[in-house]
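> Would you mind keeping the following structure in view while I ask a few things?
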Amino acid sequence: MSGLISKLENVDRRVIYFVLIIAVVAVLLNPIGLPVPVTTPTRRYHDAIASLPRGSLVLVGIEFDAGALPENGPMLEATMRLLIKSNQRFVLASLWSGGPAVARIYLDKLKTVIDSSGKRYGEDFVLLPYLVGGETAAAALAKDLKNTAKNDYFGTPVTDIPVLKNVKDAKDFSLAICITAGTPGVEEYLRQWVSPYNMPLIAGALGVAAPTYIPYYNSGQIKGMLQGLRGAAELELIIGAPSSAVSSMDALSAGHLVTIVFIVFGNIVFLVKKYQPKGK
Amino acid sequence: MSLPFLKRDLPVVIVCVTGVVMIIGYFIQAPEIYLGDILGNLSLIASVIAGYATILGILTLAIVHVKHLSKRTQGQWMYSVLLLALVLAMIGVGLIGTLGTHPYFMWFYQYPLVALDTTIYSVLAFYIASAAFRAFKIKSVEGLILAVAAVFVMLMNAPVGAALWGGFPLIGRWIMDVPNGAAFRGFIIGSAIGAIAMSLRVLIGRERGILGRT
Amino acid sequence: MAISMDPSVWIAALLTIFAYTIIFKDNPLYRIAEHVLVGLSSGYLFIVTWNYVYDQSVAPFFKGQGLLVAGISLVLGVLIFTKFSKRTTWLSNLSIAVLVGTATGLTVRGYLFAQLIDQVKASIVPVAKLQPLDLVNTLLSLVIVVCTVSYFLFSMEHKGTVGVLAKIGRYGMMAAFGAAYGGTVMTRLTIFIQRAQYLLFTWLGLG
Amino acid sequence: MKGKVSKMRSLAGLQAIPESIGKAAETNRPVHYTPGTVGFSGGVVGYAAQTFAGLSVLSHVSKLTAKYKVPLYVTVAYGELIPVVESVVRESYASEGRADAVSTETHVLYFPIALSNAPYASGVLGLFERIKPASNIMIGGFYFEALAISEQGFVQGAIQIAGTAMTHQIAFFVAACDYTLIGEEIFVAGAIVSQDATLLGSITGQDLLKIIVIAMLVGGFILQNLGVDFLSIMKV
């Protein structure tokens, strides 16, 4: 008996890995479809975009790079779908060197959606190049867009781009969206776009970082927020375009359950061993 | 100026002067002595030095592998060949045309690099489970608190938590907002005081280890 | 859907599997993945860095603008390489000193404001209009903050009153660490799930 | 304060360092040290003080490895740390009279940080499999590699001592390592082992500041709720 218990107590970590892999793969291949209730911050994120008048100009800050694609990527995808669906015009900008490359991945991915909506690059949306300088660049962009980004990502002078024709500074935008994996990100937007220009801001945050932005959300400086992949899944559900985030939700639950089951199991074995009468 | 001064004391003087300029420049506006410009240029110079230091790092790495190659270190030299070849390939395609925009460069970035980068990141999904299994044994009050807080927050995050019991997300949220928020606030206050004291010790050249003064 | 015919996808998929083998045991496949990652990253980093360094410290000489700053940057940057010789290595300390000085200045600024002062201010909350439950939470938070700070007192042993405060502080921190740990599981799983989706759907064409 | 060395409360993590290096000497296996993944420039520079803390403890660790004649591997993720770490190690070995052993017994290895910290992490994971360290000491600012490296260190059976002031990573060190230095403890560790009167005096100063902060927290809270606008006083 005690031999078995100490074997269970020191279960090889590879057993845990194996169970985790099996659980996640099985659920990915056979989704259960557990309900994903939409939380208020996500609802308000959606409403901030959907309630804008048609044709409003929106700044989309892609403040992450390839490392955060799994979590921030679906947020960006769902956000772009929503912007297209609700007929807004938007400017994609990035203070991260890898940001524009990420934007291109999603512009390619959504090509059919964009084409079928009749939206055209340059007329309805534009991609700016990487803006060097972090917070300084965020401030400069808000103050004088055309002198901060002289060309778009593909090298066309911004003065020749229709969607930017009447844009001078932050006041010409109706909403700023910051989808971010860290710094520069939400704080820079708060300081350089929200405080000076009273710009409504909504944010997409990594699961680990979301709790640190809760104070800004509670104080109303951030109007709505997507929290981690879960937030992206909720947005996909609201706009009726379930994609990679929604399909990950069951796998996410399975992974959490496996981890919890092992913690509980480890403790049961530990306690049984501790209270087992000695000398038997 | 004697050589010992240049070798041992000049670096400390430089640390002190640049550090103090960076700090006071934040509090005081002094356009008449171009403080803002000095500050901006100092940051710029530092970031360029760091750039050269990065190149030094890459060079050091390459030297390690060239040595493995020339010594034919067993079980290592062929990996060193692979590594060196890829460094050169990446730099090669990176230098074609406008720096770092060539389709081959983008291919290296998009397929092998991103795939490996995110995979190494995701290895943590496994390590986080095995470390939890080992660490969250309720051996003491502290262990109990650690384990319970972790489980409730996990059940707050995973959709399955709410499906099992509506209380999980509520309690998880409370742990996140109250004890987690408050203890980290105390943690940050302590760390900040320690970091500032450490920085000041560096500025006056008293801190061992920095710039080799033991 | 069927298995992918795109060689790029195959390379990404195989490297993904190679890298995962480390969780079971070190093996030649992991070593390939490791050396590919370090090699490509070094090359990528070199290009990105060189781009910046060239713009800031070499290009100005062709343009004839900003020569002073570029000149200082170039000299101090190149001095870093003197560390390769024992006799000249002290010169690299001069460049490092500029880095250490600026970093120290920035670190003091960052910690003093964003961290120390802001965190103290955030703990001082007017309670008059709070609901009873929020009032309890606010007071509890203040107690935990004070106790946690007490835990970090070093010049006295944790005995008596300080001992009690420090103990509560330590319990508070354990709750915080547990919560931080549990909260991170989601992000880590997310990335693994994304890789699994890539292997299962993009590569193998299942589902 | 002159001449009088203040007595500091002991830190378990610090006391474990000589023991773990002794263990390495007994088992003939190396020591791994990292001063964290925060450099002196760029987006992470605000945390540079944690790297200073890591370098300060490295000075202690490298003296011990010199004394016990244990191979020392230091891994760094930023180029500017290479000359700094090398000179710390060189001076430590010189002070133990073993300057000649630097080139054979110590290794400063650089692994890059590019898209993320993954290349550094993967390099250290691979290194651990090959050198099988008996002691793994990590003091400084860390990102996701904190857990990756410490879990791999556990698998290799290393005694692990780790410390950081990073809010997102300290939990993993507490879970995966044998001993931890939590938050501010990393900033005093170097001073405590040095027994240098000035440095110890500055720790007493830190404590004084903390007592003032506690007074401000409690007093400010009470004043603010009695109608005195304490928050606006703090704005100065």
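> For segment D:182-199, what are the residues that are assigned to a helix (DSSP H, G or I) and under 14 Å from the mean Cα position of the chain (by Cα)?
Residues satisfying the conditions are D:185, D:186, D:187, D:188, D:189, D:190, D:191, D:192, D:193.
> Out of segment B:86-144, which residues are within 7 Å of chain C (Cβ to nearest Cβ), in a loop (DSSP other than H, G, I, E, B) and buried (at least 24 other Cβ atoms within 10 Å of the Cβ)?
B:123 - this is the single residue of segment B:86-144 that is within 7 Å of chain C (Cβ to nearest Cβ), in a loop (DSSP other than H, G, I, E, B) and buried (at least 24 other Cβ atoms within 10 Å of the Cβ).
> All but one of (1) touching a strand residue (DSSP E or B) at 6+ places or on another chain (Cβ under 8 Å); (2) away from every other protein chain (no Cβ under 11 Å); (3) surrounded by fewer than 23 Cβ atoms within 10 Å (Cβ to Cβ) hold for residue A:39; which doesn't?
(2)
> Just to verify a result, which residue in segment A:187-205, among those that are surrounded by 21 or more Cβ atoms within 10 Å (Cβ to Cβ) and closer than 20 Å to residue A:65 by Cα, is modelled with the lowest pLDDT? Give the derivation first.
To start, the set of residues in segment A:187-205 that are surrounded by 21 or more Cβ atoms within 10 Å (Cβ to Cβ) comprises A:188-189, A:192-194, A:201-205.
Filter once more, so that each one left must be closer than 20 Å to residue A:65 by Cα: A:188-189, A:202-205.
Working: A:188: 85, A:189: 91, A:202: 97, A:203: 97, A:204: 96, A:205: 94.
Going through the qualifying residues, I end up with A:188.
> Further question on the same structure: Test residue D:44 against the stated conditions and say whether it is in a helix (DSSP H, G or I), within 24 Å of residue D:130 (Cα to Cα) and within 14 Å of another protein chain (Cβ to nearest Cβ).
Here the answer is no, as residue D:44 does not meet what is asked.
> Just checking, does segment B:167-186 include any residue being out of contact with any Gly (no Cβ under 9 Å at 6 or more places or on another chain), at pLDDT below 90 and more than 7 Å from chain C (Cβ to nearest Cβ)?
Scanning segment B:167-186 turns up at least one residue that is out of contact with any Gly (no Cβ under 9 Å at 6 or more places or on another chain), at pLDDT below 90 and more than 7 Å from chain C (Cβ to nearest Cβ).
> Another question, then. Does residue D:112 satisfy being at the interface with chain B (Cβ under 7 Å from one of its Cβ atoms), closer than 23 Å to residue C:31 by Cα and in contact with a helix residue (DSSP H, G or I) (Cβ under 9 Å, 6 or more places away or on another chain)?
Taking the combined requirement at face value, the residue satisfies it.
> In the list D:137, D:233, D:192, D:159, which residue meets the criterion of being modelled with pLDDT of 95 or more, surrounded by fewer than 24 Cβ atoms within 10 Å (Cβ to Cβ), more than 10 Å from chain B (Cβ to nearest Cβ) and on the phi < 0 side of the Ramachandran plot?
D:159
> May I ask you to list the residues in segment A:217-234 that are part of a strand (DSSP E or B) and surrounded by fewer than 18 Cβ atoms within 10 Å (Cβ to Cβ)?
Here is the first cut: in segment A:217-234, the ones part of a strand (DSSP E or B) are A:224-227.
Matches in segment A:217-234: none.
> Going through segment D:200-236 one residue at a time, which ones are of a type in the set (Lys, Arg) and part of a helix (DSSP H, G or I)?
D:210
> Shifting gears a bit: Among the listed residues C:36, C:78, C:69, which satisfies the condition of being part of a helix (DSSP H, G or I) and crowded, with 22+ Cβ neighbours inside 10 Å? Give the steps one after another, and end with the answer.
Working: C:78 fails: crowded, with 22+ Cβ neighbours inside 10 Å; C:69 fails: crowded, with 22+ Cβ neighbours inside 10 Å.
Checking each option against the conditions leaves just C:36.
> From C:140, C:135, C:165, which residue is at the interface with another protein chain (Cβ under 7 Å from one of its Cβ atoms) and part of a helix (DSSP H, G or I)?
C:140
> Taking the options A:118, A:122, A:134, name whichever one is more than 17 Å from residue A:152 (Cα to Cα) and touching a residue at least 40 places away in the same chain (Cβ under 8 Å).
Working: A:118 fails: touching a residue at least 40 places away in the same chain (Cβ under 8 Å); A:122 fails: more than 17 Å from residue A:152 (Cα to Cα).
That would be A:134, the only listed residue that is more than 17 Å from residue A:152 (Cα to Cα) and touching a residue at least 40 places away in the same chain (Cβ under 8 Å).
> Just one of D:68, D:78, D:93, D:33 is in contact with a helix residue (DSSP H, G or I) (Cβ under 9 Å, 6 or more places away or on another chain) and closer than 20 Å to residue D:147 by Cβ; which is it? Show your work before the answer.
Numbers: D:68 fails: closer than 20 Å to residue D:147 by Cβ; D:78 fails: closer than 20 Å to residue D:147 by Cβ; D:93 fails: closer than 20 Å to residue D:147 by Cβ.
D:33 is the lone residue from the list that is in contact with a helix residue (DSSP H, G or I) (Cβ under 9 Å, 6 or more places away or on another chain) and closer than 20 Å to residue D:147 by Cβ.
> Further question on the same structure: Do the conditions hold for residue D:53, that is, is it surrounded by fewer than 21 Cβ atoms within 10 Å (Cβ to Cβ) and assigned to a helix (DSSP H, G or I)?
Values: surrounded by fewer than 21 Cβ atoms within 10 Å (Cβ to Cβ): no; assigned to a helix (DSSP H, G or I): yes.
For residue D:53, the condition - surrounded by fewer than 21 Cβ atoms within 10 Å (Cβ to Cβ) and assigned to a helix (DSSP H, G or I) - is not met.
> What tally of residues in segment D:59-97 results from selecting those that are aliphatic (A, V, I, L, M), crowded, with 24+ Cβ neighbours inside 10 Å, in contact (Cβ under 8 Å) with a residue 40 or more places away in the chain and part of a helix (DSSP H, G or I)?
Summing the residues that are aliphatic (A, V, I, L, M), crowded, with 24+ Cβ neighbours inside 10 Å, in contact (Cβ under 8 Å) with a residue 40 or more places away in the chain and part of a helix (DSSP H, G or I) in segment D:59-97 gives 3.
> For segment B:61-85, which residues satisfy the criterion of being facing chain C (nearest Cβ under 9 Å) and among the hydroxyl-bearing types (Ser, Thr, Tyr)?
Selection gives B:79, B:80.
> Still on this structure: Mind counting the residues in segment A:96-142 that are at pLDDT 90 or above, more than 25 Å from residue A:241 (Cβ to Cβ) and within 19 Å of the chain's Cα centre (by Cα)?
0
> Can you name the number of the only condition in (1) more than 26 Å from the chain's Cα centre (by Cα); (2) within 9 Å of chain B (Cβ to nearest Cβ); (3) not aromatic (Phe, Trp, Tyr) that residue C:85 fails?
Status for residue C:85: all satisfied but (2).
> Could you list all residues from segment A:12-31 that are exposed (fewer than 13 other Cβ atoms within 10 Å of the Cβ) and facing chain B (nearest Cβ under 10 Å)?
A:12, A:15
> So if I check each of A:214, A:179, which one is under 16 Å from the mean Cα position of the chain (by Cα), of a type in the set (Val, Ile, Thr) and in a strand (DSSP E or B)?
A:179
> On to the next question. Failed condition for residue C:128, given (1) out of contact with any Ser or Thr (no Cβ under 8 Å at 6 or more places or on another chain); (2) part of a helix (DSSP H, G or I); (3) more than 26 Å from residue A:132 (Cβ to Cβ), with all others met?
Tallying (1) out of contact with any Ser or Thr (no Cβ under 8 Å at 6 or more places or on another chain); (2) part of a helix (DSSP H, G or I); (3) more than 26 Å from residue A:132 (Cβ to Cβ), residue C:128 fails exactly one: (2).
The values are calculated or read from the model by the stated rules, or taken from the named source; none is laboratory data. These numbers come from a predicted model, not from an experiment. Quick reminder, even Gly has a Cβ in these numbers, built from the backbone with ideal geometry, and neighbours come from all protein chains shown.
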